[in-house]
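Enquirer: My questions will all concern the structure given below.
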Amino acid sequence: MSDAAPIRVVELRKNFGPLEVLRGVTFEVRRGSVVSMIGASGSGKSTLLRCINRLETPSSGEVYLEGEPMGARPGGGPRPLREINRMRRNLGMVFQQFNLWPHMTALGNVIEAPLRVRGLSRKAAVALGEECLARVHLSEKAGEYPAKLSGGQQQRVAIARALAMQPKAMLFDEPTSSLDPELTGEVLQVMRELAADGTTMIVVTHEMAFAREASERVLFLHNGRIEEEGPPEQLFGAPKSERCRQFLSKYLQ
Amino acid sequence: MSQALLESLDLSLFWEYRQVLLRGLAFNAYVFFSAAALALAVGLAAALLRVNRSWVFRWAGTVHVEVFRNAPDYIMVVWVHFVLPLLLGALLGRRIEFHPFVSSVIALGFVYSGYFAETFRAGIQSIPLGHAEAGRACGMSDFQILRRVILPQVVRRMLPEAINQFVSLFKATTIVSLIAVPDLMYQVTMVTQQEMRPLPLYTGAALTYFVVIYLAASAVRAASERWRNKITA
């Protein structure tokens, strides 16, 4: 295992045409720690997450995975798509809309990338897939198609699918935002367990309770910049910036 | 009842020639399966052009679709069989001739590729973008995403419409008799010239096509129902 931070983001910027969505974001995630990103919609949280695993190409700045730049080759020059694909598997991504593949069973979803991308044998992939489904407490649903699962179950399968790549870090993009309130609990519970197991995680969320108790650090994004950051006790207990205070007052009252 | 009507209902003559007619029907099937394979392959390629990021590719795909969707299949068969070899021959400086079977497959395959392209395109665009992103996030290549994530869903969604297009294509195979592919229609015409009794022969041919197409389409529909519905609960 390398000593470098699993994820280090340096001066990341992203424009969509004239619109500046990220205006120079720099932060680091320590191994085994959870960083939560909060902020109003439009503040750039999701774009930041998508730039980290390069579903969006940053306009400038760099993301380092264990010290290795995502966008540039060690010798200089941009990294070709094939190599970016290869680096991307080190980051598991969980989406707001789950994005399970509906024509595959739960287990099928989980073992697809281990089979095709990592080249595991079917036997090894199934064993790994079953282990990942067990971690999200869905062993008994392995043979079900997504359409037969509740939203919370679908999201847990999506988490298992990301875990099956045995990534160096997990990225969560508002994982409970499209769930009914009574289903968010089971997903957050799984995420707490992952955090307790020492999984490195970046979580974009509106679940302030989760951010407060599960994360080591919280970033408050505003207008494409990190407006305030710190340990949750500090950020939630005594926010320094006025904007952060205003934002939190809407959630915590 | 009039004599003519009775005659058209007496299919014994059709039955007498069943072996030669069956051979004809087999030719319809050969043309159908070959043209369908070509139409699916070319149609998929054109659909991928139409959803490409670059406008040049999109434009090329659109031209393909419009040209072949708006060309009557009869004219295409004749054009491919008689004109295309002349053009190619002039280009390559030697005499070129297509076997009627080859001309039929090329013509029908390309005409129907226009329809299949649109069906594929609609199917591809109906798949949520997130499904491809999830694949990308797992490190899958574009080709793996297409083959493992997008196409299996597209095929399920487009199947009902595709079955209708396959039916049209099978019906269109009857025009290949015009360039002397010995299909059922061709054989019927030959026998008619000998026997001088067109009514039972053409009626028999019409009924045969109806039964074959109806049974095949129903069977495919029924067989695919369960498989398709798994993804929609």
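The numbers here are math on the coordinates, done by the rules we state, and not lab data. Remember, predicted model here, so these are calculated numbers, not experimental data. Glycine also receives a Cβ, built like all others from the backbone with ideal geometry; neighbour counts cover every protein chain displayed.
Enquirer: Between A:Pro69, A:Pro114, A:Pro78, which gets the highest mean-square fluctuation from a Gaussian network model of chain A, Cα cutoff 10 Å?
Expert: A:Pro78
Enquirer: Could you give me D for region B:3-232, from Stokes-Einstein at 37 °C and 0.692 mPa s, where the hydrodynamic radius is the Kirkwood radius over C-alpha pairs? Units µm² s⁻¹, please.
Expert: In µm²/s, the coefficient is 165.
Enquirer: May I ask for the Kirkwood hydrodynamic radius of the protein assembly as shown, worked out over all distinct Cα pairs and given in angstroms to one decimal? Each step should come with its number before you reach the end.
Expert: On the way: mean 1/r = 0.0375 Å⁻¹.
So the Kirkwood estimate lands at 26.7 Å.
Enquirer: Give the cross-link partners of A:Lys148 among the lysines, using a straight C-alpha distance below 24 Å as the criterion and excluding same-chain residues fewer than 8 apart.
Expert: B:Lys230
Enquirer: Can you list the residues, at least 5 places off or on another chain, whose amide H is less than 5 Å from the amide H of A:Arg225, using H built in the peptide plane?
Expert: So A:Arg225 has HN proximity to A:Arg23.
Enquirer: Determine the dipole magnitude for the protein assembly as shown: charges of +1 sit on the beta-carbon of Lys and Arg, -1 on that of Asp and Glu, nothing else is charged, the reference point is the Cα centre, and the result goes in debye to the nearest 20.
Expert: Working: 53 positive and 42 negative charges, 170 e Å.
Approximately 820 debye in magnitude.
Enquirer: Moving on. Looking only at B:Val191, B:Val65, B:Val42, which one moves most when chain B is put into a Gaussian network model with springs between Cα atoms under 10 Å?
Expert: Top of the fluctuation ranking is B:Val191.
Enquirer: Would you be so kind as to identify which of A:Gly71, A:Met165, A:Pro232 lies farthest towards the positive end of the dipole of chain A, taking Lys and Arg as +1 and Asp and Glu as -1 on Cβ and the Cα centre as origin?
Expert: Comparing the listed Cα positions along the dipole, A:Gly71 ranks first.
Enquirer: Which of these, B:Asp73, B:Asp142, B:Asp183, has the largest mean-square fluctuation under a Gaussian network model of chain B (Cα springs below 10 Å)?
Expert: Greatest mean-square fluctuation among the candidates belongs to B:Asp142.
Enquirer: I'd like the GluC sites (Glu not before Pro) in region B:128-229 restricted to DSSP loop residues with at most 11 other Cβ atoms within 10 Å, sorted by number.
Expert: none
Enquirer: For the protein assembly as shown, give me the percentage of DSSP beta bridges that are antiparallel, rounded to the nearest 5 percent. It would help to have the intermediate numbers written out before the result.
Expert: Details: 21 of 37 bridges.
Counting only bridges with both partners in the protein assembly as shown, antiparallel ones make up about 55 percent.
Enquirer: Please list the radius of gyration and Dmax for chain A, considering alpha-carbon atoms only, with Å as the unit.
Expert: When restricted to Cα atoms, chain A yields Rg and Dmax of 18.1, 55 Å.
Enquirer: Given the options A:Val9, A:Met37, B:Ala35, identify the residue whose Cα lies farthest towards the positive end of the charge dipole of the protein assembly as shown (+1 on Cβ of Lys, Arg; -1 on Cβ of Asp, Glu).
Expert: Positive-most Cα among the choices belongs to A:Val9.
Enquirer: Can you compute the charge dipole magnitude of region B:3-232 about its Cα centre, using +1 on each Lys and Arg Cβ and -1 on each Asp and Glu Cβ, nothing else charged? Give it in debye, rounded to the nearest 20.
Expert: 1000 debye
Enquirer: Further question on the same structure: In deg cm²/dmol, rounded to 500, what helix-only [θ] at 222 nm does chain B give when every DSSP H run of at least 4 residues adds -39500 (n - 2.57) and the total is split over its residues?
Expert: -25000 deg cm²/dmol
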